[in-house]
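K.L.:
This structure is in structure tokens; I'll ask about it shortly.
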Amino acid sequence: MKLIFLGPPGAGKGTQAKRIEQVHNLVQLSTGDMLRAAIASGSDVGKQAKEVMDGGNLVSDDIVVGIVAERLKDDDLENGFILDGFPRTVGQAKSLDKMLSDRSEALDAVVSIDVDDELLVERITGRYTCAKCGKGYHDMFERPETEGVCDRCGSTAFSRRADDNAETVRERLKAYHAETAPLLPYYAEKGILKTIDGMTEIEQVTGQIDEVLNGIN
Ligand code: AMP
């Protein structure tokens with residue numbers, strides 16, 4: 001299955017992709033993670049991307065499409081993938097269509113996770129992860145059982161994304177509405193858009209996605 005998880009920052013795309021990839025034997029492809037890895041490696045792409053990301057804006061289509069095109073060549077994607085955070089513009093969506101049609105492939109579904117803006121700021125500014133194993137936490141909704149100690153690996157080091165502050169989140173939401181929301185009608189016209197309610201509990205959102213995926217199997 002080839003899927004896109006679409007939605008504003010903080011909608012739960014990454015959280016849900018991690019849950020769904022295990023059950024359905026798919027691979028999560030997060031362009032945000034790929035760009036953060038490029039920044040950490042000190043590459044030219046990373047240097048170009050850092051300033052843009054810190055400002056809450058979108059990295060250029062050329063850079064992001066290039067990264068995805070390279071990743072799609074890897075041979076671990078035979079059973080399918082979940083694109084998380086890509087495409088984010090109609091230009092990227094058209095490039096993706098071309099990449100897939102060149103390989104005689106097509107998307108199975110675009111799952112749009114619907115969440116109101118007010119909830120997103122609260123969700124994003126409270127989130128952090130274990131620096132060692134990557135488990136996600138939230139100041140209000142998911143604290144470790146023992147304060148300051150990761151439930152999964154016992155590490156005491158945690159990190160927050162540089163762009164998860166209130167000011168940058170507002171810019172990211174603006175970018176979403178201006179540049180990414182037009183993908184909803186784009187995929188609706190193709191008949192593959194499935195919209196689910198992202199305002200409920202994590203398990204319930206996963207259940208809704210499972211229903212969508214079972215419907216296309
Ligand atoms: P994310 O981890 O998906 O929230 O992405 C974090 C940041 O990386 C975004 O705010 C953008 O600056 C950049 N980014 C990630 N994916 C894309 C994309 N498909 N197009 C442009 N910029 C992206």
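The values are calculated or read from the model by the stated rules, or taken from the named source; none is laboratory data. Since the structure is predicted, the reported quantities are computational estimates derived from the model, not experimental observations. When we count neighbours, we look across all protein chains shown, and the Cβ atoms used for this are built from the backbone with ideal geometry, even at glycine. The area values use the complete protein model at the heavy-atom level, side chains included, leaving out ligands, DNA and RNA. Shrake-Rupley method; radii C 1.70, N 1.55, O 1.52, S 1.80 Å.
K.L.:
Does residue 35 satisfy the condition of being within 21 Å of residue 12 (Cα to Cα), open to solvent by 30 Å² or more (accessible area, probe 1.4 Å) and hydrophobic (A, V, I, L, M, F, W, C)?
P.N.:
When the stated conditions are applied, residue 35 does not pass them.
K.L.:
Here is a check on your reading of the model: is residue 88 open to solvent by 50 Å² or more (accessible area, probe 1.4 Å) and assigned to a helix (DSSP H, G or I)? Write out each step before concluding.
P.N.:
Values: open to solvent by 50 Å² or more (accessible area, probe 1.4 Å): yes; assigned to a helix (DSSP H, G or I): no.
Taking the combined requirement at face value, the residue does not satisfy it.
K.L.:
Here's a follow-up. Against the condition near the ligand (Cβ under 7 Å from one of its atoms), open to solvent by less than 60 Å² (accessible area, probe 1.4 Å) and on the phi < 0 side of the Ramachandran plot, how does residue 52 come out, does it pass?
P.N.:
Working: near the ligand (Cβ under 7 Å from one of its atoms): yes; open to solvent by less than 60 Å² (accessible area, probe 1.4 Å): yes; on the phi < 0 side of the Ramachandran plot: yes.
Yes: the conditions hold for residue 52.
K.L.:
Tell me the residue from 160, 172, 152 that is of a type in the set (D, E, K, R) and in contact with a Pro (Cβ under 6 Å, 6 or more places away or on another chain), please.
P.N.:
Answer to the check: 172.
K.L.:
Same structure again: For residue 205, indicate whether it is assigned to a loop (DSSP other than H, G, I, E, B), of a type in the set (A, V, I, L, M) and modelled with pLDDT of 95 or more.
P.N.:
no
K.L.:
Here is a further query. Is there a residue in the stretch 30-40 that is more than 7 Å from the ligand (Cβ to nearest atom), touching a strand residue (DSSP E or B) at 6+ places or on another chain (Cβ under 7 Å) and under 25 Å from residue 196 (Cβ atoms)?
P.N.:
No - not one qualifying residue is present in the stretch 30-40.
K.L.:
Sticking with this structure for a sec: Is it fair to say residue 125 is within 14 Å of the ligand (Cβ to nearest atom), crowded, with 16+ Cβ neighbours inside 10 Å and within 20 Å of residue 199 (Cβ to Cβ)?
P.N.:
On the way: within 14 Å of the ligand (Cβ to nearest atom): yes; crowded, with 16+ Cβ neighbours inside 10 Å: yes; within 20 Å of residue 199 (Cβ to Cβ): yes.
So residue 125 fits the description; yes.
K.L.:
Anything in the stretch 55-71 that is out of contact with any strand residue (DSSP E or B) (no Cβ under 8 Å at 6 or more places or on another chain) and of a type outside the set (D, E, K, R)? List them, or say none.
P.N.:
55, 56, 57, 58, 59, 60, 63, 64, 65, 66, 67, 69
K.L.:
On to the next question. Which ones in the stretch 133-162 are of a type in the set (D, E, K, R) and under 20 Å from residue 121 (Cβ atoms)? Don't jump to the end; show me each part of the working.
P.N.:
Keep residues of the stretch 133-162 that are of a type in the set (D, E, K, R), which gives 135, 139, 142-143, 145, 147, 151-152, 160-161.
Those that are of a type in the set (D, E, K, R) and under 20 Å from residue 121 (Cβ atoms): 139, 142, 143, 160, 161.
K.L.:
A further question on this structure: Restricting to the stretch 82-108, name every residue that is within 12 Å of the ligand (Cβ to nearest atom) and in contact with a strand residue (DSSP E or B) (Cβ under 6 Å, 6 or more places away or on another chain).
P.N.:
83, 84, 85, listed by residue number.
K.L.:
To continue, here is another question. Within the stretch 161-174, how many residues turn out to be surrounded by fewer than 14 Cβ atoms within 10 Å (Cβ to Cβ) and assigned to a loop (DSSP other than H, G, I, E, B)?
P.N.:
1
K.L.:
Can we say residue 196 is of a type in the set (Val, Ile, Thr) and open to solvent by 40 Å² or more (accessible area, probe 1.4 Å)? Working first, answer last.
P.N.:
Numbers: of a type in the set (Val, Ile, Thr): yes; open to solvent by 40 Å² or more (accessible area, probe 1.4 Å): no.
Spelling it out, it is not the case that residue 196 is of a type in the set (Val, Ile, Thr) and open to solvent by 40 Å² or more (accessible area, probe 1.4 Å).
K.L.:
Sticking with this one: Mind telling me which of the residues 111, 68, 27, 23 ends up being open to solvent by less than 10 Å² (accessible area, probe 1.4 Å) and more than 14 Å from the ligand (Cβ to nearest atom)?
P.N.:
Of 111, 68, 27, 23, the one residue that is open to solvent by less than 10 Å² (accessible area, probe 1.4 Å) and more than 14 Å from the ligand (Cβ to nearest atom) is 111.
K.L.:
Still on this model: Could you check residue 73 against (1) outside any helix (DSSP H, G or I); (2) without any contact (Cβ under 8 Å) to a residue 60 or more places away in the chain; (3) surrounded by 17 or more Cβ atoms within 10 Å (Cβ to Cβ) and say which number it fails?
P.N.:
Failed condition: (3).
K.L.:
Okay, next question. Mind checking whether some residue in the stretch 189-197 is among the small types (Gly, Ala, Ser) and under 24 Å from residue 58 (Cβ atoms)? Explain how you work it out, then say what you get.
P.N.:
Of the stretch 189-197, the ones among the small types (Gly, Ala, Ser) are 191.
Subset that is under 24 Å from residue 58 (Cβ atoms): none.
Within the stretch 189-197, none of the residues are among the small types (Gly, Ala, Ser) and under 24 Å from residue 58 (Cβ atoms).
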